[in-house]
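Visitor: Quick one: the structure is below, questions incoming.
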């Protein structure tokens, strides 16, 4: 992927985590990563994104945004997820706007089944709102 002027700071430990995912889920998690970076690249006010580990999970941070994490867990082998800060209004708002589009886990995650086709347009909207969170948190439905 070619980035306009987006600088991606990559923690080398993240590659190890990606390499340790089972083959049946690795491409799906990498696709979530690609979507996050693609959305960040298309937001003019974002010039830098940090890819690091939080709680051992690939995590994405930008200034004025809320952290996004992605992961697959062996205890739920048929699903993987995109996690958001549980004290934010993100998932609660996504539940209102996208109630018939996504499956959610509490106040913190959008859950994907391995066989799901991800609704990318809607997921990109969720990612953008998270990456711009501190600019939109006061808007009704976060501007969605």
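Visitor: Any idea what Rg and Dmax come out to for the stretch 4-82 if you just take the C-alpha atoms, in Å?
Guide: Here Rg and the maximum Cα pair distance are 12.7, 39 Å.
Visitor: Picking from 24, 102, 112, which is most flexible by a Gaussian network model of the chain using Cα springs under 10 Å?
Guide: Highest fluctuation of the listed residues: 24.
Visitor: Let me ask something else about it. How much of the DSSP beta bridge set in the stretch 7-135 is antiparallel, as a percent to the nearest 5?
Guide: On the way: 20 of 24 bridges.
Among the beta bridges of the stretch 7-135, antiparallel pairing accounts for roughly 85 percent.
Visitor: From Cα pairs below 8 angstrom and at least 6 apart in sequence, can you work out the relative contact order of the chain, rounded to a whole percent? All intermediate terms of the calculation are to be shown ahead of the outcome.
Guide: Values: 214 pairs, mean separation 31.6, N = 144.
RCO, the chain: 22 percent.
Visitor: Over its Cα atoms, what ratio of radius of gyration to 2.2 N^0.38 Å does the stretch 75-144 give? Could the numbers behind the result be given before it?
Guide: Values: Rg = 11.9 Å, N = 70, 2.2 N^0.38 = 11.1 Å.
Taking N as the residue count of the stretch 75-144, the ratio is 1.08.
Visitor: With only alpha-carbon atoms in the gyration tensor, what are the semi-axes of the equivalent ellipsoid for the stretch 7-135, in Å, largest first?
Guide: Details: eigenvalues 82, 74, 33 Å².
Output for the stretch 7-135: semi-axes of 20, 19, 13 Å.
Visitor: Also, I was wondering about something else. If we count other beta carbons within 10 Å of each Cβ, what is the order of 14, 62, fewest first? Walk me through the numbers on the way to the answer.
Guide: On the way: 14 17, 62 23.
Exposure proxy ranking, most exposed first: 14, 62.
Visitor: If one computes the Cα centroid of the stretch 90-105 and of the stretch 22-64, what distance in Å separates the two points?
Guide: 20
Every read-out reported here was derived from the displayed coordinates using simple, explicitly stated rules and does not represent laboratory data. Everything numeric here is computed off the predicted structure, so don't read it as measured data. Quick reminder, even Gly has a Cβ in these numbers, built from the backbone with ideal geometry, and neighbours come from all protein chains shown.
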